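Asker: Could you have a look at this structure, given as structure tokens, before my questions?
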Amino acid sequence: QNEINEVPFFDIQLPYELALKIFQYLGKAELGRCAQVSRTWKVLAEDEVLWYRLCQQDGYLLGSSIAARSCWKLVLKDCRARERTLRTNWKNRIGAVSQLQYELGKILCDVHSCDGVVIAGYTSGAVRLWDTRAWDYTAPILEPLRGPDDAGAPPHVSFVRINSALAVAAYEDGTVSVWSLMVGREPIHRYQHNQRIQALALASQGAVVATASGFEVKVESPNDRGFWQTTETFEIQKLVNFLNLVPDVTGSPVAVAAAEDVVYLLKSQDSGKVLHSVYGQPITCLDVSASEAAFGVKSFGWLLNAPNQILLYNLETSQCLKKLGNSLGDFSCVNLQDSPPNMLVTGNKDRRVRVYDLRQSDSLCSLYGHHLGVSAVRMDDWKVVSGGEEGLVCVWDQRMGTKLWEMHARHPVRHLWFNSHSLITANVPNEKTPRGASLTDDDLTAHRKHRGVIHAYEFSAEQLAVESVLPICRSSYDEVTGYNYNIGLAVPYDDI
């Protein structure tokens with residue numbers, strides 16, 4: 001018998017290629033059982049093509065070719081073991097935590113992040129970057145493009161946004177600066193609004209920036225030769241509160257703007273299309289995906305038949321697909337774009353986090369653990385991370401509906417981002433000019449308690465736990481008694 005070319009399949013002999021096509025319908029457990037039948041079946045069940053396909057199906061090493069690894073069965077085993085370790089570290093809060101702070105004495109204004117790269121804007125007008133993937137704490141500054149008339153102190157930063165290629169900052173005086181992360185610290189584009197900017201949006205992929213100032217929404221993007229220009233200008237009737245760019249759009253960019261009690265769908269061919277409008281029911285939060293928009297609608301006490309809800313609209317047909325929730329409190333945040341398929345997570349001023357399946361109207365779970373309203377939410381297939389106005393960051397097991405752990409800081413949580421191995425949170429103060437921060441006060445710098453803080457957690461590498469803590473806080477004991485949240489702070493004065 002030729003064990004390479006022919007495989008014994010019960011009472012017949014099959015060619016190897018045909019037997020391989022049959023085995024490709026089996027899972028990991030079935031292939032393991034088949035490998036114990038005979039030596040020939042073991043060779044077939046451990047074929048690289050089968051285990052490479054299983055790796056791709058589970059989402060591991062999607063960009064790799066089959067020739068990149070010598071044993072895909074061991075690769076899949078290592079990836080699954082690493083995933084189990086990461087989940088255990090998340091649940092038990094094992095890893096490293098660091099504070100990203102640079103502008104001493106200045107107050108944090110806005111924070112955004114993308115794939116572990118964090119951008120922050122301060123009251124000094126400075127815009128800083130951190131790359132938490134490399135644990136780079138040098139925080140390079142992105143230089144503003146100042147004109148000849150820009151004398152005196154620079155204006156405060158209003159909003160910052162970042163994606164894989166661009167960083168954008170909007171200032172209090174209506175200026176917008178755009179930097180390329182590939183080129184350097186000098187901005188590649190700058191434009192001006194006549195009034196204060198109320199909202200800033202940056203495309204998740206590509207080079208499209210949208211800003212709202214007064215009754216105008218302006219969309220900027222580079223042309224075919226790389227020169228930036230104003231692609232679209234939309235005039236609307238009310239002041240914009242929320243602005244999002246629809247991701248994965250081919251051709252002209254599409255924006256969704258919420259202005260008081262009206263939601264506009266801004267397209268080049270239909271500039272003033274109203275997606276939703278109910279008089280006296282303002283929009284409280286907004287998020288968009290590639291084909292849908294979700295936003296919270298606030299009702300008043302005299303509208304007994306219209307409670308606070310989350311409305312889900314289809315952007316192609318402009319039809320309302322779902323009305324979710326029936327809450328006494330206002331929905332303060334919603335996350336649709338980053339949630340798993342057919343899922344949506346919301347935060348409410350009634351201090352509850354609700355997870356919805358878009359195929360039904362009732363919430364899957366309602367999580368209660370904040371002292372004030374929920375200000376930021378994000379979820380994946382098994383966990384939910386929420387931030388509150390009181391400064392509490394909570395990590396929940398979504399399927400069990402239980403809180404795993406929490407972390408508290410002084411100011412409201414305005415930004416959350418996480419992936420499989422890291423978490424970034426930002427506590428941004430509401431008060432940007434506290435006592436001690438102006439020229440008329442005795443102290444020209446704001447006290448530490450007023451500044452705000454950015455935390456970066458890393459759950460994949462236990463050895464980083466010592467490196468990410470200040471030297472004065474590192475303990476030299478091999479074992480410490482008591483629970484210290486795994487950040488090496490139990491005995492903070494050993495190495496002084």
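The values are calculated or read from the model by the stated rules, or taken from the named source; none is laboratory data. Predicted model only: the values in this text are computed from it and were never measured. Using ideal geometry, Cβ is built from the backbone for each residue, glycine included, and neighbour counts are taken over all protein chains shown. When the accessible area is computed, the model is the full protein with side chains, heavy atoms only, and any ligands, DNA or RNA have been set aside. Shrake-Rupley method; radii C 1.70, N 1.55, O 1.52, S 1.80 Å.
Asker: Per-residue HN-Hα couplings for region 324-341, Karplus 6.51 cos²θ - 1.76 cosθ + 1.60 at θ = phi - 60°, whole Hz, x for Gly and Pro?
Answerer: Couplings: 10, x, 7, 10, 6, x, 6, 6, 9, 7, 8, 10, 10, 5, 8, 7, x, x Hz.
Asker: Under the Karplus relation 6.51 cos²θ - 1.76 cosθ + 1.60, θ = phi - 60°, what is the ordered set of whole-Hz ³J(HN,Hα) values for region 29-34, x standing for Gly and Pro?
Answerer: 5, 5, 5, x, 5, 5
Asker: If I model a spin label at residue 368 and residue 143 as a point 7 Å from the Cα along the Cα→Cβ vector, what separation in nanometres do I get?
Answerer: Label-label distance for residue 368 and residue 143, simple model: 5.6 nm.
Asker: For a test of understanding, tell me how many lysine pairs in region 16-84 have Cα atoms under 15 Å apart, given they are 8 or more places apart or on different chains. List each step's numbers first, then the result.
Answerer: On the way: 28/42; 28/73; 28/77; 42/73.
Summing the qualifying lysine pairs gives 4.
Asker: Say a site is exposed when it is one of the trypsin sites (Lys or Arg not before Pro), sits in a DSSP loop, and has at most 15 other Cβ atoms within 10 Å; what is then the longest site-free stretch of the chain?
Answerer: Between exposed loop sites, the widest span is 1-132.
Asker: Tally up the carbon and sulfur contribution to the accessible surface of the chain as a whole percent, 1.4 Å probe, everything protein left in place.
Answerer: Values: 12460 of 24760 Å².
Of all accessible area on the chain, carbon and sulfur atoms account for 50 percent.
Asker: Hey, can you grab everything whose amide H is under 5 Å from the amide H of residue 334? Only 5+ residues off in sequence or another chain; H modelled, so Pro and N-termini drop out.
Answerer: Residues meeting the amide H criterion: 286, 347.
Asker: Using a 1.4 angstrom probe, figure out how much accessible area region 16-84 has per residue, in square angstrom, rounded to the nearest whole. It would help to have the intermediate numbers written out before the result.
Answerer: On the way: 4350 Å² over 69 residues.
Accessible area per residue, region 16-84: 63 Å².
Asker: Below 30 Å, Cα to Cα, which lysines can residue 432 reach? Residues fewer than 8 away in the same chain don't count.
Answerer: 106, 218, 238, 298, 349, 449
Asker: Rounded to the nearest 20 debye, what is the charge dipole size of the chain about its Cα centre when +1 sits on each Lys and Arg Cβ and -1 on each Asp and Glu Cβ?
Answerer: Working: 48 positive and 56 negative charges, 169 e Å.
Dipole magnitude for the chain comes out near 820 debye.
Asker: Here is a further query. Using a Förster distance of 25 angstrom, determine the FRET efficiency expected from the C-beta separation of residue 238 and residue 337, and round it to 0.05. Could you put the intermediate results ahead of the total?
Answerer: Details: r = 24 Å, r/R0 = 0.97.
Efficiency for this residue pair is about 0.55.
Asker: Okay, next question. Sequence-distant or interchain residues sharing an amide H contact under 5 Å with residue 127, placed H: which?
Answerer: 142
Asker: Only one of the listed values, (i) 54; (ii) 59; (iii) 44, was derived from the coordinates as percent of Cα pairs over 29 Å apart; which label is it?
Answerer: (ii)
Asker: Ok, one more. Which whole-Hz couplings ³J(HN,Hα) result when phi for each residue of region 416-432 is put into the Karplus expression 6.51 cos²θ - 1.76 cosθ + 1.60, θ = phi - 60°, listed in order with x for Gly and Pro?
Answerer: Values, residue by residue: 9, 8, 8, 10, 5, 10, 9, 9, 10, 10, 9, 9, 10, x, 6, 8, 9 Hz.
Asker: Please compute one quarter of the surface area of the Cα convex hull for region 16-84 and express it in square nanometres.
Answerer: Average of the hull's projected areas for region 16-84 equals 4.8 nm².
Asker: Using modelled amide H (1.01 Å from N, peptide plane; none on Pro or chain starts), what sits under 5 Å from the amide H of residue 214, excluding residues fewer than 5 places away?
Answerer: 198
Asker: Now for a different question. Counting helices only, and only those DSSP H runs with n ≥ 4, report the 222 nm mean residue ellipticity of the chain as the sum of -39,500 (n - 2.57) divided by its residues, in deg cm²/dmol to the nearest 500. Mind showing how you got there, number by number?
Answerer: On the way: 6 runs with 57 residues, N = 496.
Per the formula, -3500 deg cm²/dmol.
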